[in-house]
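Novice: Sharing a structure, written as structure tokens. Questions coming.
What follows is calculated from the coordinates using simple rules that are stated; it is not laboratory data. Predicted, not measured: the structure shown is a model, and the values here were computed from it.
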Amino acid sequence: MFKTKEALIPYLLLVAVVAAGLIWHESENVPGLGRTVSIGAITVGGPFTLTDQNGVRRSNADFRGKYQLIYFGYSFCPDVCPTTLGVMSQALDKMGMDADRIVPIFITIDPERDTPAVLKTYMAAFGPRFVGLTGSTAEIAAVEKAYRVYAKKQPLNGSGTYGMDHSSVMYLMGPDGRLVTFYDELVSPDALEKDLKAKI
Ligand code: NI
């Protein structure tokens, strides 16, 4: 599923930090990811200015003061992305009022096709809370780098379209914009809800 070694390195570093974190923080277990960890030293995230599904420019500073649950993917994704966004949506629905303290954010890795108009339709499927963000190729490349996201276009045979190989991680960022923890796409809505409640 991963075809470019160089592009994988930042993502593998992230995974390596999780593995290292396990040694120090083995008290909690989240089904799916199998673990959740505190991460002190690693730098994930950073400033960005992108365009939301309503065509409004949004920067990271706009989300300060709230937790952010950020997922990178693309709306044409046939399986993992919609499933993961569904898990986020269900977990937040279960949280009741606490969900108001978390902004779910979807950042596209496919800005070529994911225009604000496309994202507007797509995000609506997951509920009104979601912010969908797109931008120029350069803006998306920069935010992918900051979050150690792996993404690579994969032409599909003969069909004239393409898919995207990509890492699949939900990042929980704190009200100060710093990484709190992250989850992989196998986490269940119940486990995610429980862990989010514990973290915020
Ligand atoms: Ni996907």
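Novice: How big is the Rg/Rh ratio for the stretch 149-190, C-alpha atoms only, Rh by Kirkwood, two decimals?
Specialist: That ratio is 1.19, to two decimals.
Novice: Still on this structure, please answer the following. Which percentage, to the nearest 5, of the DSSP beta bridges contained in the stretch 49-196 is antiparallel? Display every interim value, and only then the final one.
Specialist: Values: 19 of 29 bridges.
Around 65 percent of the beta bridges assigned by DSSP in the stretch 49-196 are antiparallel ones.
Novice: Now a separate question. Relative contact order for the stretch 142-200: what percent, with Cα pairs under 8 Å and sequence separation of 6 or more?
Specialist: Once divided by the residue count of the stretch 142-200, the mean separation gives 19 percent.
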